[in-house]
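The values are calculated or read from the model by the stated rules, or taken from the named source; none is laboratory data. Just so we're clear, the structure is a prediction, and the values are computed from it rather than from any experiment. So basically every Cβ, Gly included, is an ideal-geometry build from the backbone, and we count neighbours across all protein chains shown.
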């Protein structure tokens, strides 16, 4: 009935897998849990222990193939029609997590997204930016996500069928710069596949430090610009590229980019502080977008 698919990279997935396995047994469903390691060099011994669990497998690729390709590999390996994708650094919040997804399985063509939450306690200073961003921009209630259902999809906790995945899978041709989930959701929208939002969240546990997150955010901006330049997504699909379009319309992009470079160190100081501003974070990303060449 259900194939649970988990891409892994340098993360201990034992707590996640044991909880999923327990819930699947309690639900008395046919299931499999497939964990595909994308060339990790950490936690290999610990993670290998999950092979002792019934209907569970953990295998390791010799070389890293990237976030898009690893998900496609998992889908190809899956035996059942219903695919539940989870990121390795997540953990179900509720004991009926699997049961909630089982209730969504029917003949209707749809993708189901359960949502994400972050810990309530403020983390150490070096991790605050990722935590603030996640709580404000990602940990949205169902009603808020439903306002723009496709762009609200995060690919760390969603249910999809093989038949849909054959129509829309993850694009392996784009650079490994993030925003593969943005392209995935856009193509779902283009194919008129609805996204249903439910309250079935996981905790996101793998919070990067602020410097790493800022660097990844720059990579993400570069990835977005690539998708826009290659006309793989509409420029208005993501707010950042839309705002850049607006300032570029009035020939202000070059000026904004130069101003960003002058103020970058000051913006960095705020973003790496104990009280980062998401408004400044947005200005930072827009400024970085303006510095990128065609």
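Out of 153, 91, 74, I need the residue that is assigned to a strand (DSSP E or B) and within 19 Å of the chain's Cα centre (by Cα). Which one?
Residue meeting the stated conditions: 91.
Could you grab me the full set of residues in the stretch 43-63 that are in a loop (DSSP other than H, G, I, E, B) and either at pLDDT 95 or above or surrounded by 16 or more Cβ atoms within 10 Å (Cβ to Cβ) (or both)?
Scanning the stretch 43-63 gives 43, 53, 54, 55, 61.
Right, residue 188: farther than 25 Å from residue 222 by Cα, in contact (Cβ under 8 Å) with a residue 40 or more places away in the chain and not in a loop (DSSP other than H, G, I, E, B) or not? So that I can check it myself, show each step before the final result.
Details: farther than 25 Å from residue 222 by Cα: no; in contact (Cβ under 8 Å) with a residue 40 or more places away in the chain: yes; not in a loop (DSSP other than H, G, I, E, B): yes.
No, not satisfied.
Any residue in the stretch 26-36 that is surrounded by 19 or more Cβ atoms within 10 Å (Cβ to Cβ), in contact with a strand residue (DSSP E or B) (Cβ under 8 Å, 6 or more places away or on another chain) and part of a loop (DSSP other than H, G, I, E, B)?
no
Yes or no, residue by residue, for (1) in the same structural domain as residue 11 (by TED's automatic domain parsing); (2) closer than 20 Å to residue 87 by Cα; (3) in a helix (DSSP H, G or I):
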site	(1), (2), (3)
169	yes, yes, no
178	yes, yes, no
183	yes, yes, yes
215	no, no, yes
226	no, no, yes
236	no, no, no
240	no, no, yes
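Does residue 89 satisfy the condition of being closer than 22 Å to residue 198 by Cβ and either surrounded by 16 or more Cβ atoms within 10 Å (Cβ to Cβ) or assigned by TED's automatic domain parsing to the domain that holds residue 145 (or both)?
The answer is yes for residue 89.
So which of 167, 162 ends up being at pLDDT 95 or above and closer than 23 Å to residue 8 by Cβ?
Sole residue among the options that is at pLDDT 95 or above and closer than 23 Å to residue 8 by Cβ: 162.
Just need a number here: residues in the stretch 249-281 that are more than 27 Å from residue 132 (Cα to Cα) and touching a residue at least 24 places away in the same chain (Cβ under 8 Å).
Summing the residues that are more than 27 Å from residue 132 (Cα to Cα) and touching a residue at least 24 places away in the same chain (Cβ under 8 Å) in the stretch 249-281 gives 2.
Inside the stretch 127-137, can you point out the residues that are buried (at least 16 other Cβ atoms within 10 Å of the Cβ) and touching a residue at least 60 places away in the same chain (Cβ under 8 Å)?
127, 128, 129, 130, 131, 132, 133, 134
Identify, please: which residue in the stretch 282-294 is in contact (Cβ under 8 Å) with a residue 60 or more places away in the chain and in a loop (DSSP other than H, G, I, E, B) and is, among those, nearest to residue 239 (Cα to Cα)?
292
Exactly one condition in (1) farther than 27 Å from residue 236 by Cβ; (2) part of a helix (DSSP H, G or I) is not met by residue 199; state its number.
Going through the list (1) farther than 27 Å from residue 236 by Cβ; (2) part of a helix (DSSP H, G or I), residue 199 breaks only (2).
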